[in-house]
Structures are given as C-alpha cells and as structure tokens.
Amino acid sequence: MPGIFYGLAATAKRDLLLAWKRPGDVLNPLFFFAMVCTLFPLAVGPSAEQLEFSGPGVLWVAALLATLLSLNSLFLTDYEDGSLDQLLVSPQPLPVLVLGKVLAHWLTSGLPLVFVSPILAITYRMPLSVVGVMMLTLGLGTISLSLLGSIGAALTVGLHRGTALLSLLILPLAMPIMILGANAVSLASTNDVYSTGIWALGAYAIASLSLAPYATAAALRISNE
Amino acid sequence: MWKWFHMLASPPHFYRISAILAPWLGMAGLIMVAYGTWQGLFVVPMDYQQGDAFRIIYVHVPSAYLSMMAYMIMATSGAIGLIWRIKLAHAVAAAAAPIGAGFTFLALCTGSIWGRPMWGTWWEWGDPRMMSELILLFLYFGYMALRSSIDDTAKADKASAVLALVGIVNVVIVHFSVEWWSSLHQGQTVFKKGTMDADMRVPLFIMLIGFTLLFGSMLLRRIRTEVLYRERRTRWVREMILSPEGDA
Amino acid sequence: MVRASPGPGPGNGKSSRSEPEASGERAVRASPGPGPARLDERVVADGLAGSRSQAQALIRTGRVLVDDVPVEKQRQTFHGDLVWLAHRTGLKGDLTLVENLEFERSLRAHSNRDPEEVYERLGISRLKKLVLRSLSAGQQRRVALARMLLSDVPLWFMDEPFTNLDREGRALVMELVEDHCSKGGMCVMAAHQDVDIDVPTTRVKIQ
C-alpha cells in the first residue's frame, strides 16, 4: 500500500472497529429514518396517490435528517478522549486521516440507508424500477453528505450546543444534494429522463471528495488550536 | 501605494479615516435614495403589465443586490484575514454579516410584497430567485450563529472565514440547482421580468448607487465599533477615549 | 537540536486563562539529545507539540525552531519525529490494548520496536486482550507509555507523565526517560513534582 494511504486505512479501520463494538450507534439513525417516513402518512393521510407522489421527497428528507443525526458524533468521541489531539500531531497528513474517518462514517450511515430505503420505498408504493434509481441517488448523495457534513462537524466540535448549530450549518450545504436526488427519483417515477440528476450527483460526489477533506482538516485545526 | 494599503489595514488609521468618510457616504446615499424614491414613486409612469405594483423594485432590486454583495465582502475579507492575517479584515467580515442579513430579509419581504399581486400569494415556493435568497438568509444565520458560539475572537474569525468560503461555493451551486428544480416544476409560476424602459431604468440605477453608498456608510460605522471592541485593550484606544476631545 | 524562544507574549508567565488544575509552581525538565540543546524560558510540553492546552497560552506567540528552521515550515517532519503523551491518553476505551497499539503502529510504519518486548518492560503483557475501559487508570497510563515507546521517535513530549502511577510506575517512567536520553533521544516533560533524573537537564519553573 502506498505510504499516504496508511493513515486512511488505519483511521477507517479503527472507526469501523469502534462501530462494530457499538452497533446501537449505527442502528439509531436507521430507526430515525424509518420513523420519519412513518410520520408523514400519519400527518397528512395515507391516500395512495399522495404517497406515490411524495415518496421520493419524503424518503430523501428522512435520509437527510438521519445523516444529520449521525454526523453529530463524527468527531465528538475523538474530541472527548483526546484522540483528536493526537490526530492533529500525527505525521500523516490530516486530510487523509479525515478521509478515513468520513469513509468509515459513510460505511456505517450512508450505505446502510441505501439498503434500508427499499423497504420504506415499497411502503410508499414505489415501483421497483424507481426503487433502483432511489438507491443510486441515495448512494451518491450520502457520499457528498458525509463529506460536506464533516466540514460542519469539524467547525462545531466541542462547541456548546454544537448539535443545533451543526444542523443550521449543514442544511444549506445539503439542500442542492437533496434537490438533485429527490427530483431525479420523481422524474424516474414519471418515466422522464432523469440522467441529469444522476450525473450532477456524481459530479457533486467527486467534487466533495477532492475538496471537502482539506476544508475539514483546516476547520479541525482552527477549532482545536 | 502599498504604504497607503498598509495604513488602511492599521486599525487606528482606519478609525480616523472612516470617521470622516462614513458621514459623507451616508449623506450622499441619503440624498440619492431620496431622489430615487421620489422619482420611482411619483415620476416614473405606470407599467403596462403590472400597474403600480412594480414600483417596489426600486427597493427590492437594490436590497437583493446588496445582500449578495455583502456576502462577497464577508467571504473575501474573511479570506484576506485568513491568508494574510490582517486583523482588520476579520473585523470587516464580522461587521458585514448582520447588514447583509438585514438586506436579505428586506429583499425577501419586498419580494413577497411584490409577489402578492403577481402570483396571488405572499410566497411562491416555485420561484428560484426567492428560494435562493431564502437559503442565503440561512447561510447568514449560520455564519452569525457560529461566530457567537465561539468565545475566542481569533478562533471565531478563522472558523467563520472557512464557513463563508464554503458558503460562497454553495451559493452558486444552490442557485443552479434551484433553477433546475424550478424548471422541472414549471407551470406553477412563470414570472418573466421584461426589459425595462429607459425612464424606469434611470431611477433604478440611482437607487442602486444610493443604497450602496448607504451600505458603505453603515458598514464603516459597524467596522468602527468592531475595531473599538477588538482593540479595547490597546494604547491608542485608551488614549483616544481619555483625551479631552474623546471620540465617541 | 531544539530551540525555543518566547514571542511577545505575556512576560510574567501567568496565563490569561484560569488553570483548572493545581496552580503554583510547575517544573519543566528537558534532556538534551545529540549536540547542544537549549530550551529557553517558557517551554511547556503541550505548547511545543503545537496542540490545544491551557499551557499553550504561555507560549502562544513564541516560536519553535528545529535545526534552525521554524516548525511551521516543517510540520510533517516535526510530527514524524515526536510523540506526545498527553493528559488525555487518546486511546479508545472500547478497543483492546492490542487494537489500540496496532492503530498507532500503522500510522508510523517505520517503527522497529518489538511490541512483546515493550509490553514486558511495562508489565502489561497479560492485559493484551483486555478492553481498555476495563483497565485501571494506572494500567491505562502504562499502555500510553507503551505507545510512546513503540513509536520509536527521538522526541518525547510528556505532560504530567506520573499521574495515576504508583511508585513503581514512577520509577519506571524515569528509567525509560534515562534510557531514551542516553541513546540520543530528547525529552520535554511538564510535571508538578520534583523529578530526579540522571541526565543533564534544563529546568524551567513557571509560576
């Protein structure tokens, strides 16, 4: 393995190991996702057309909120037990270490969402072909969400009432992702051309992948100087 | 020329210069806004399509323009502060934020008032420009909230500078994605702003310039307050306050 | 050679923030490595490592030079040459000893130390498979020391290394420092109590 990715693999592995030992941390956001999807029909009524029409949007909003919930703890435990300080004086470049953490975060929050979403999508009477598109948009979108969210998490780590502030900071960043994803699925459900949305989500993911780690690393140094 | 630049970046010099500049900008701005308002309200003829309702653009357009310019100033001076470590730049960013948020809010309100006769509702979720403006307001709130939750001034400056820079990229992206979204759901609102007559345009330019001058004056005053607060322990502030002609 | 010079910071050594831990004298010791080393004035372990700590308020505007080059210009090399034993160990309570130290080792691929030897030295061999959370504070501190040894770097920064250790543990720490310095390493330590070490040291008192 080339030297620079030692850090990435090591931090990803450690975080995955930690998540394995505390499965509740992974399951909680998933339950939250399911609950939000349940709230909508309860609030606005279970009519079939309404469900079918609003399905993509509701699922995407729920996924966004669930990701927001899980982003909270991205740097929190590290901050509290001193590992964040150690990461800051590590010989490995900080953006690489950050990328490792975000990778582990995505594997334990974004990816599970992708696999749980079909269950909820079917309850919203989504046809299977559209479910495939939904999973694709969620997969691409959650990558960007984890990356951009890490910037917000780094800026607010250790702040008093950081949770509320985190949501305020991340939602404007997350809105374009959600717009692209939810509308691509809507287009798919009416058999329209939806490839624009998918390409845009892919571009978003690549751009976030290249730029977000640097912003997050800078934010971490600033928050912890 | 660099000497002048350096002087401007020094807080006591800035404080002295802005003491003179701010009132002049304010006066000039006030006069232009007054003239532009009178023109816009009474002199310019009624619009063919929209009747008298369109007159609010004389407040709406300058507000929207300034809301974005303020954000640019905030992000640019934050970047200058981060890269070149000029303290005054951070004071500029901190001062610009609430003014920008205020103009954004004004743009949203005037836009809503304008929309009522146009769209039939006070708020049209489908209009891409209003949506982008709303998200800009949230960006301002996030910025101000982050600043106020970090106690150490230097740290708050740097963190919010990073946030503003990320936000600038986001503003562009949000604009495009909301436009795409709006084009998908067309049918709910098609609102074209047609080309404007010459006699409608001149007062608009006057208002734009007048508003900008007022903005400049407000910004300078806020920066002065910021500078006083940040430099409250330095000698030049103490001397100035204690001297017989103490500036307030 | 490490040299530190204070910047235009607070001159009397008093931190502008309140110190939550014991106020009063703190003694700083350092042992030189190869060649003459000079540590002037207010040098405190955490501050040099460049990370957040209340002590850093003292040298916030100071400058650190390694081989006459300021640290900011060679941060990566500087970090590659140091290990920081902080008050909060930075080890994960949910992971076992071996898992924790494996992580540390994979960040520094060049380490030449034999882990088993180090565990023996520190008396934690039988604790290898245990989750850190279940160890006592003293044992966790020993694990942190093991981490320091395993990193195999010349520069040690230690912040209150004697916390939670019994007399045996404290003697062990001093032994380790002496060993390290006699082999050409360098150690910067911040401690509350007076420490007797058999190597040339520079002491800085901060009140």
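Which pairs turn up if I take residues in segment C:157-178 that are over 17 Å from C:Val118 (Cβ atoms) and look for partners that are acidic (Asp, Glu) and part of a helix (DSSP H, G or I) with beta carbon separation below 6 Å, at least 6 apart in sequence or on another chain?
Close Cβ pairs satisfying both conditions: C:Asp159/C:Asp46.
Could you check segment C:98-116 and list, in sequence order, the residues that are open to solvent by 10 Å² or more (accessible area, probe 1.4 Å), within 24 Å of A:Ser90 (Cβ to Cβ) and in a helix (DSSP H, G or I)? Lay out the reasoning, then the answer.
The initial filter retains those residues of segment C:98-116 that are open to solvent by 10 Å² or more (accessible area, probe 1.4 Å), namely C:98-99, C:102-116.
Then keep just the ones that are within 24 Å of A:Ser90 (Cβ to Cβ); that gives C:98-99, C:102-115.
Passing the criteria: C:Val98, C:Glu99, C:Glu102, C:Phe103, C:Glu104, C:Arg105, C:Ser106, C:Leu107, C:Pro115.
Answer with yes or no whether A:Leu159 is modelled with pLDDT under 95, assigned to a loop (DSSP other than H, G, I, E, B), open to solvent by 20 Å² or more (accessible area, probe 1.4 Å) and within 13 Å of chain B (Cβ to nearest Cβ).
In short, yes.
Wholly within segment A:20-88, which helices (runs of 4 or more DSSP H) include no fewer than the required count, namely at least 3 residues that are closer than 18 Å to A:Met178 by Cα?
Here the list reads A:23-44, A:48-71.
Looking only at segment A:178-206, how many residues end up being touching a residue at least 40 places away in the same chain (Cβ under 8 Å) and either over 21 Å from B:Val174 (Cα atoms) or part of a helix (DSSP H, G or I) (or both)?
So the answer is 16.
Given the criterion buried (at least 18 other Cβ atoms within 10 Å of the Cβ) and either at positive phi or facing another protein chain (nearest Cβ under 8 Å) (or both), identify the matching residue among A:Leu166, A:Leu173.
That would be A:Leu173, the only listed residue that is buried (at least 18 other Cβ atoms within 10 Å of the Cβ) and either at positive phi or facing another protein chain (nearest Cβ under 8 Å) (or both).
Looking only at segment B:99-129, which residues are of a type outside the set (S, T, N, Q), within 14 Å of chain A (Cβ to nearest Cβ) and within 30 Å of B:Arg221 (Cβ to Cβ)?
B:Ala101
Tell me yes or no: at least one residue of segment A:200-214 is in contact with a helix residue (DSSP H, G or I) (Cβ under 8 Å, 6 or more places away or on another chain) and closer than 22 Å to B:Ala145 by Cα.
The answer is yes, given that some residue of segment A:200-214 is in contact with a helix residue (DSSP H, G or I) (Cβ under 8 Å, 6 or more places away or on another chain) and closer than 22 Å to B:Ala145 by Cα.
Take the residues in segment C:63-82 that are open to solvent by 50 Å² or more (accessible area, probe 1.4 Å), part of a helix (DSSP H, G or I) and modelled with pLDDT under 75, then tell me which one is farthest from the other protein chains (Cβ to nearest Cβ).
The selected residue is C:Lys73.
Is it the case that some residue within segment B:89-103 is within 22 Å of B:Val169 (Cβ to Cβ), touching a Gly at 6+ places or on another chain (Cβ under 6 Å), of a type outside the set (Gly, Ala, Ser) and buried (at least 19 other Cβ atoms within 10 Å of the Cβ)?
Yes, because at least one residue in segment B:89-103 is within 22 Å of B:Val169 (Cβ to Cβ), touching a Gly at 6+ places or on another chain (Cβ under 6 Å), of a type outside the set (Gly, Ala, Ser) and buried (at least 19 other Cβ atoms within 10 Å of the Cβ).
Being within 15 Å of B:Pro12 (Cα to Cα) and either among the polar types (S, T, N, Q) or open to solvent by 40 Å² or more (accessible area, probe 1.4 Å) (or both) narrows it down to one of B:Arg235, B:Arg201, so name that one. Even if it seems obvious, please write down each step before you answer.
Details: B:Arg201 fails: within 15 Å of B:Pro12 (Cα to Cα).
The match here is B:Arg235.
Here's the yes/no breakdown for (1) free of Cβ contacts under 8 Å to residues at least 60 places away in the same chain; (2) among the hydrophobic types (A, V, I, L, M, F, W, C); (3) outside any loop (DSSP other than H, G, I, E, B):
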| site | (1), (2), (3) |
| --- | --- |
| A:Gly132 | yes, no, yes |
| A:Gly141 | no, no, yes |
| A:Leu148 | no, yes, yes |
| A:Gly152 | no, no, yes |
| A:Thr163 | no, no, yes |
| A:Thr216 | no, no, yes |
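If a residue has to be within 13 Å of A:Pro95 (Cβ to Cβ), open to solvent by 20 Å² or more (accessible area, probe 1.4 Å) and more than 10 Å from chain B (Cβ to nearest Cβ) to count, how many in segment A:192-213 make the cut?
2
It is to be established whether one or more residues within segment A:48-69 are at the interface with another protein chain (Cβ under 10 Å from one of its Cβ atoms), aliphatic (A, V, I, L, M) and buried (at least 24 other Cβ atoms within 10 Å of the Cβ).
Scanning segment A:48-69, I find no residue that is at the interface with another protein chain (Cβ under 10 Å from one of its Cβ atoms), aliphatic (A, V, I, L, M) and buried (at least 24 other Cβ atoms within 10 Å of the Cβ), so the answer is no.
Give the residues of segment A:1-40 that are without any contact (Cβ under 8 Å) to a residue 24 or more places away in the chain and away from every other protein chain (no Cβ under 14 Å), sorted by residue number.
A:Leu27, A:Phe31, A:Met35, A:Thr38, A:Leu39, A:Phe40
I'm trying to understand the selection: among the residues of segment B:153-174, which are more than 19 Å from A:Ala153 (Cβ to Cβ), surrounded by fewer than 17 Cβ atoms within 10 Å (Cβ to Cβ) and at the interface with chain A (Cβ under 9 Å from one of its Cβ atoms)?
The one that is more than 19 Å from A:Ala153 (Cβ to Cβ), surrounded by fewer than 17 Cβ atoms within 10 Å (Cβ to Cβ) and at the interface with chain A (Cβ under 9 Å from one of its Cβ atoms): B:Ala154.
Please verify whether C:Leu165 is assigned to a loop (DSSP other than H, G, I, E, B) and open to solvent by 10 Å² or more (accessible area, probe 1.4 Å), treating the condition exactly as stated.
When the stated conditions are applied, C:Leu165 passes them.
Residue check: is B:Val178 at the interface with chain A (Cβ under 9 Å from one of its Cβ atoms) and crowded, with 21+ Cβ neighbours inside 10 Å?
Yes: the conditions hold for B:Val178.
Kindly indicate the residue of segment A:104-120 that is surrounded by fewer than 24 Cβ atoms within 10 Å (Cβ to Cβ) and among the aliphatic types (A, V, I, L, M) and also farthest from the other protein chains (Cβ to nearest Cβ) among those meeting that condition.
In this case the residue turns out to be A:Ile119.
Of the numbered conditions (1) more than 14 Å from chain C (Cβ to nearest Cβ); (2) farther than 30 Å from A:Ala188 by Cα; (3) open to solvent by 10 Å² or more (accessible area, probe 1.4 Å); (4) not basic (Lys, Arg), A:Ala153 fails exactly one; give the number of that condition.
A:Ala153 satisfies every listed condition except (3).
Kindly establish whether A:Leu68 is aliphatic (A, V, I, L, M) and closer than 27 Å to C:Ala86 by Cα. Explain how you work it out, then say what you get.
Details: aliphatic (A, V, I, L, M): yes; closer than 27 Å to C:Ala86 by Cα: no.
It is false that A:Leu68 is aliphatic (A, V, I, L, M) and closer than 27 Å to C:Ala86 by Cα.
Given C:Phe162, C:Phe157, C:Phe78, C:Phe103, which one is under 22 Å from A:Lys21 (Cβ atoms) and aromatic (Phe, Trp, Tyr)?
C:Phe103
Conditions first: (1) outside any helix (DSSP H, G or I); (2) buried (at least 22 other Cβ atoms within 10 Å of the Cβ); (3) basic (Lys, Arg). A:Lys101 passes all but one, so which condition is the exception?
(1)
Please determine, by comparing only the residues of segment C:83-97 that are more than 7 Å from every other protein chain (Cβ to nearest Cβ) and within 19 Å of the chain's Cα centre (by Cα), which one is surrounded by the most Cβ atoms within 10 Å (Cβ to Cβ).
The extreme case among them is C:Val83.
The values are calculated or read from the model by the stated rules, or taken from the named source; none is laboratory data. Quick caveat: nothing in here was measured; it's all calculated off a predicted structure. All Cβ positions, even for glycine, are placed from backbone atoms using ideal geometry, and neighbour counts span all protein chains on display. Ligands, DNA and RNA are excluded from the accessible area calculation, which covers all protein heavy atoms including side chains. Shrake-Rupley method; radii C 1.70, N 1.55, O 1.52, S 1.80 Å.
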